[in-house]
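Computed from the coordinates by the stated procedures, all read-outs in this text should not be read as laboratory data. Just so it is clear, the structure is predicted and the values come from calculations on it, not from any experiment. Don't worry about glycine lacking a Cβ; one is built from the backbone with ideal geometry, like all the others, and counts go over all protein chains shown.
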Amino acid sequence: MDDERFIRRTIALAARAKSMTSPNPMVGALVVKNGRIISEAYHKKAGTPHAEVLAIGNAPDSVRGASLYVSLEPCCHKDKRTPPCTKKIIASGIKKVVISMKDPNPKVSGKGIKELRKAGIEVISGVLEDESGRLNESYIKYITTGMPFVTLKVAMTLDGKIATPEGESKWITGEKARRMVHRLRGRVDAVMTAIGTVKADNPRLTCRTGNYKNPTRIIIDPDLEISVDSNVLLTPPDTFIVARKTAARVAGRAFSEKKKLLSERNIRIIEYEGGKADLQRLMKELGGTNITSVLVEGGSSLNSRCLEEEIVDKVMFFIAPKIIGGRESFPSVGGKTYRSLQGAHRLKDLKIKRIGDDILVEGYIRK
């Protein structure tokens with residue numbers, strides 16, 4: 001029970017750095033001596049000291065003979081900006097290390113535990129492993145697949161509409177739900193939408209609450225229709241525009257001039273062949289730029305494509321107590337194809353929350 005209590009504290013410490021450590025995992029650690037916590041810390045940012053090193057270094061007394069609790073297996077490799085944590089732990093005289101979960105990084109996985117045990121340190125692993133895994137779900141997918149963890153966010157009415165036939169969508173959900181979405185943006189590396197949403201709403205796609213960072217923006221814009229005065233292009237940080245190469249051949253000089261103008265403003269153009277962007281390939285390309293998490297905030301068509309191309313890991317549906325009706329109103333998930341009831345996208349680990357007057361339904365896509 002003590003092990004669980006102390007590990008739960010390391011997870012809470014790690015969570016303080018949400019959005020700050022990418023592409024590194026969030027990690028919390030504490031030192032326990034004679035049944036009492038004498039020091040605790042968490043990893044604050046990529047490139048800065050790790051939680052274990054901080055916890056040991058911040059201890060007011062000697063840690064010799066003490067126990068170290070950590071939410072993720074201590075690192076043991078040198079292919080990074082900070083020294084291996086295992087060396088510091090061994091040199092400190094720690095006698096026992098309790099780990100919540102192994103690090104899925106192949107450079108570490110099990111090797112850190114093996115090194116500690118070889119040095120005569122007792123190691124216990126797997127305490128509240130599922131909770132630690134949920135905290136670092138983006139890191140886990142990124143480090144094991146090279147692709148970001150994708151969350152599909154939808155704000156809709158009770159009858160499943162996201163906009164009226166004229167495109168009116170502000171505001172379907174209430175203020176509390178919108179504040180929560182801003183926090184979500186601040187906790188991911190990137191937000192992805194399509195040109196239709198940009199043209200209709202001219203959003204900034206920024207985080208306007210708390211001390212969170214603004215995400216990178218990913219705009220699916222096949223024909224490079226975006227206005228150079230769009231809010232997403234005028235607000236830092238980076239914006240990536242995904243356009244097809246054939247558009248350059250059709251639009252000719254106009255396309256080239258706009259592309260040059262955007263490039264001069266440090267806006268990256270990702271070009272693809274064919275009629276539609278391959279979203280699986282796009283995710284791999286984004287992973288190559290150290291983007292570990294993506295929040296999709298699109299319209300009916302993009303929502304459908306993300307689900308059909310199986311890039312979505314988690315969904316968050318905010319449901320407002322409103323009914324629009326009408327065949328021409330926009331559904332939350334559109335597209336020209338549908339699935340049978342037997343083949344419908346199914347969710348697991350479902351959670352339902354009240355957010356002001358709205359209801360949030362969230363869960364993970366069954367692969």
- Using the alpha-carbon centroid of each, what span in Å lies between the range 138-201 and the range 333-354? 16
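Is there a pair in K45/K276; K153/K176; K45/K102; K170/K367 whose C-alpha atoms are over 25 Å apart, and which pairs would that be?
K45/K276; K170/K367
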- Note on the structure: Rg/Rh over Cα atoms for the range 1-135, Kirkwood Rh, comes to 0.92
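Within 10 Å of each candidate Cβ there may be at most 16 other Cβ atoms; applying that plus a DSSP loop requirement, which GluC sites (Glu not before Pro) in the range 137-224 survive? Present the calculation step by step, with values, prior to reporting the outcome.
Numbers: sites: E137, E166, E168, E175; in loops: E166, E168.
Counting only loop positions with at most 16 other Cβ atoms within 10 Å, the GluC sites (Glu not before Pro) in the range 137-224 are E166, E168.
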- Message: How large are Rg and Dmax for the range 174-220 when calculated on the C-alpha trace, in angstrom?
- Response: 10.8, 30
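Per residue, what volume in Å³ does the Cα convex hull of the range 255-367 take up? Mind showing how you got there, number by number?
Working: hull volume 21.4 nm³, N = 113.
About 190 Å³ per residue, rounded to a whole number.
Can you quote the Å³ per residue value for the convex hull of the Cα atoms in the range 107-250, rounded to an integer?
On the way: hull volume 27.2 nm³, N = 144.
Each residue corresponds to 189 Å³ of Cα convex hull volume.
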- Reachable aspartates and glutamates from K336, Cα under 14 Å, same-chain residues fewer than 8 places away excluded? E308, E309
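Please figure out what share of the DSSP beta bridges in the range 1-156 is antiparallel and state it in percent, rounded to the nearest 5. Kindly include the intermediate steps, with their values, before the conclusion.
Numbers: 10 of 19 bridges.
Rounded to the nearest five, the antiparallel share is 55 percent.
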- Item | Cα-based reach from K87 at 20 Å (exclusive), listing aspartates and glutamates while leaving out same-chain residues under 8 positions away | E40, E52, D61, E73, D79, D103, E115, E122
- Rounded to two decimals, what is Rg over Rh for the range 277-333 when you use alpha-carbon atoms and the Kirkwood radius? 1.06
- Message: Out of all Cα-Cα pairs in the chain, roughly what percent, to the nearest whole number, are more than 37 Å apart?
- Response: 30
- Intensity falloff of the range 10-61 expressed as log10 I(q)/I(0), Debye formula with alpha-carbon point scatterers, at q = 0.12, 0.26 Å⁻¹: -0.24, -0.90
- Short to long, in 10 Å steps from zero, the percent of alpha-carbon pairs of the range 50-111 per bin is 22, 56, 20, 1
- The FRET efficiency for K199 and E131, from their Cβ-Cβ distance with R0 = 51 Å and rounded to 0.05, is 0.75
- Query: In vacuo Debye scattering of the range 85-162, one point per C-alpha: log10 I(q)/I(0) at q = 0.15, 0.17, 0.23, 0.24 Å⁻¹?
  - Reply: -0.65, -0.77, -1.07, -1.10
- Message: Below 8 Å, C-alpha to C-alpha, sequence gap of six or more: please give me the relative contact order for the chain in percent.
- Response: 16
- Mind checking which aspartates and glutamates have their Cα closer than 20 Å to the Cα of K258? Skip sequence neighbours fewer than 8 apart in that chain. D221, D223, E225, D229, D238, E271, E273
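Return the loop-located trypsin sites (Lys or Arg not before Pro) in the range 121-180 (DSSP other than H, G, I, E, B) with at most 16 other Cβ atoms within 10 Å of their own Cβ; answer none if there are none. Could the numbers behind the result be given before it?
Working: sites: R134, K141, K153, K161, K170, K176, R178, R179; in loops: K170.
Counting only loop positions with at most 16 other Cβ atoms within 10 Å, the trypsin sites (Lys or Arg not before Pro) in the range 121-180 are K170.
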- Item | Relative contact order for the range 101-232, counting Cα pairs under 8 Å that sit 6 or more residues apart, in percent | 16
- Which values of log₁₀ I(q)/I(0), to two decimal places, follow from the Debye formula for the range 167-319 at q = 0.10, 0.12, 0.14, 0.20 Å⁻¹ with a uniform point scatterer at every Cα? -0.35, -0.50, -0.69, -1.45
